[in-house]
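Remarks on the structure that follows.
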Amino acid sequence: MIEKRLVFVFPGFEPMPITAHMDRFARAAARSAPIWDARLAIEPTDRREASDAPTRRGLLRAELSGSDWRTHTDLVFCDWSDLILSYAGHSPLRRLSAGLVGLADFLFTGTVFRYARVSWRYLFFYLFPLVVIAAALLGGWLVAGLVAALLPLTGVAGVLVAGLAGLGAAWLVLMLADRRVHVLTAMDDWALARDLCRGRNPAIAQRIDEHAKAMHRAVAETQAGEIVIAAHSLGASLAVLALARALADGMRCDRPLHVLTVGSSLMKTALHPAASAQRQAVHDLVVTRRIGWTDCQGLSDPINFYRSNPARSLGIQGGETPIVVRIRFKRLVTPETYRRIKRDFFRLHRQFVLAVERRNAYSFHMLLLGPRPLADYGRLETVDLPPLSRAAAGPEPKP
């Protein structure tokens, strides 16, 4: 049993401050704990530390306990939200154009075809902004044709008025679609991913270095019995780089160290030809350091790389093979909730780090706060084990 744990959390790509990620974690953990008949005490978000620019991290302290056990967890949230928000702060036209350049880069380098080989479902996420833009342009073209047919204008004036009406209509459709399916956020995601692969944004590299140094210091000072690097979505790409950097810079860990990725988008960047540093980082963790790694994937989530492997899909052989655990979202929530969210792939993707609504084999919060080592989950593929599981009944079947 783990009595004390240190966790470094790398959130996914969402345009929200780190304190919002921390508050969401605390709320979701509080909702999940009673499902396993556990008691949770969690300190409020340390907003002063989270907003302190030199640290670029926030801290939560949690204690989960049962009748005869208690686990204390320090959660260090590694902040890169300001980088995400800097992309979201640009004008809509600039966000759209930067995203299109990113999409083109991943296409012409052949990365998209590697997606098709590793996990073809991810092509839906690649294509969806292009489909939305094409639909908006089609709507604009129809409006332009209608205006040209109705207005008594000919020649250059008629073409100009119809063209402006069509462009205006296309832009309106795109902005309305953005409210529903967050197409501009997706474009920011592709723009940042391109910059990460090609090293075009020095602030990203600097942030990874800052997190590596903070990780090095925290591990040297902690008395925790287990160290966990947990990452969601595109946060996995930063997490592996930061951990590999910390280890290369001399971080020593004489206790279990485990990587947990959930809904990972690591393949999104690591499959790009320019992302050699990411592939080398994965090689160092898996082959050189032989660190345990559990990767959780969801069948119905097109934003993660279902049926991929963090190392083998990159052609990395040998070492400590990452364990892949596949989950089904409909087993995490009630039937009513699943019917409501199953067609919203952004909401499904967030479910990896949200509260569960019924006892099942997976819970992000029980993995990070519970008494069992992370290695047990990779081996048994369920968190519903003693002392969390019911005394009178065994764990539910794994998904």
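Here are some notes:
- Looking only at the range 332-343, residues that are surrounded by fewer than 18 Cβ atoms within 10 Å (Cβ to Cβ) and either under 16 Å from the mean Cα position of the chain (by Cα) or in a helix (DSSP H, G or I) (or both) come to 5 in all.
- So Val173, is it β-branched (Val, Ile, Thr), surrounded by 21 or more Cβ atoms within 10 Å (Cβ to Cβ) and closer than 30 Å to Ala135 by Cβ: no
- The range 183-200, residues that are surrounded by fewer than 22 Cβ atoms within 10 Å (Cβ to Cβ) and either of a type in the set (Val, Ile, Thr) or modelled with pLDDT under 95 (or both): Thr185
- Selected residue (only one of Val147, Val173, Val143, Val219 is in a helix (DSSP H, G or I), closer than 21 Å to Phe10 by Cα and over 23 Å from the mean Cα position of the chain (by Cα)): Val219
- Residue match in the range 116-135 (condition: farther than 30 Å from Gln297 by Cα and touching a residue at least 24 places away in the same chain (Cβ under 8 Å)): yes
Listed here are the residues, each with its yes/no results for (1) touching a Leu at 6+ places or on another chain (Cβ under 8 Å); (2) under 12 Å from Asn309 (Cα atoms).
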{"site": "Arg255", "(1), (2)": "no, no"}
{"site": "Leu260", "(1), (2)": "yes, no"}
{"site": "Ser265", "(1), (2)": "yes, yes"}
{"site": "His272", "(1), (2)": "no, no"}
{"site": "Arg279", "(1), (2)": "yes, no"}
{"site": "Asp284", "(1), (2)": "yes, no"}
{"site": "Val287", "(1), (2)": "no, no"}
{"site": "Gly292", "(1), (2)": "yes, no"}
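- Scanning the range 312-329 for residues that are in contact with a strand residue (DSSP E or B) (Cβ under 9 Å, 6 or more places away or on another chain), open to solvent by 10 Å² or more (accessible area, probe 1.4 Å) and in contact (Cβ under 8 Å) with a residue 60 or more places away in the chain turns up Arg326, Arg328.
- Residue that is farther than 21 Å from Leu241 by Cα and at pLDDT below 95, where the choices are Thr71, Thr55, Thr19: Thr19
- Filtered residues of the range 81-100 (kept if of a type in the set (A, V, I, L, M), over 16 Å from Ile204 (Cβ atoms) and surrounded by 14 or more Cβ atoms within 10 Å (Cβ to Cβ)): Leu96, Leu100
- The set of residues from the range 1-22 being open to solvent by 40 Å² or more (accessible area, probe 1.4 Å) and out of contact with any helix residue (DSSP H, G or I) (no Cβ under 8 Å at 6 or more places or on another chain) comprises Met1, Glu3, Lys4.
- Residues in the range 136-161 that are open to solvent by 100 Å² or more (accessible area, probe 1.4 Å) and of a type in the set (Val, Ile, Thr): 3 in all.
- Filter result for Arg31 (open to solvent by 50 Å² or more (accessible area, probe 1.4 Å), modelled with pLDDT under 95 and part of a helix (DSSP H, G or I)): no
- Checklist (1) in contact with an Asp or Glu (Cβ under 7 Å, 6 or more places away or on another chain); (2) surrounded by 17 or more Cβ atoms within 10 Å (Cβ to Cβ); (3) modelled with pLDDT of 95 or more; (4) not basic (Lys, Arg) applied to Cys78, failing item: (1)
- Number of positions in the range 236-250 that are farther than 19 Å from Phe305 by Cα and open to solvent by less than 10 Å² (accessible area, probe 1.4 Å): 3
- Looking across the range 254-311, the residues that are at pLDDT 95 or above, open to solvent by 30 Å² or more (accessible area, probe 1.4 Å) and either assigned to a helix (DSSP H, G or I) or polar (S, T, N, Q) (or both) come down to Ser276, Ala277, Arg279, Gln280, His283, Asp284, Val287, Thr288.
- Any pair with Cβ under 6 angstrom, 6 or more apart, that starts in the range 260-289 at a residue that is over 28 Å from Leu348 (Cβ atoms) and ends at one that is in a helix (DSSP H, G or I) and of a type outside the set (A, V, I, L, M, F, W, C): Ala274/Arg198
- Residue within the range 162-173 that is touching a residue at least 40 places away in the same chain (Cβ under 8 Å) and under 22 Å from Phe345 (Cβ atoms) present: no
The values are calculated or read from the model by the stated rules, or taken from the named source; none is laboratory data. Model, not experiment: these values are computed from the prediction. We place every Cβ from the backbone using ideal geometry, glycine too, and count neighbours over all the protein chains shown. Quick note on the areas: whole protein, heavy atoms, side chains included, nothing else; ligands and nucleic acids left out. Shrake-Rupley method; radii C 1.70, N 1.55, O 1.52, S 1.80 Å.
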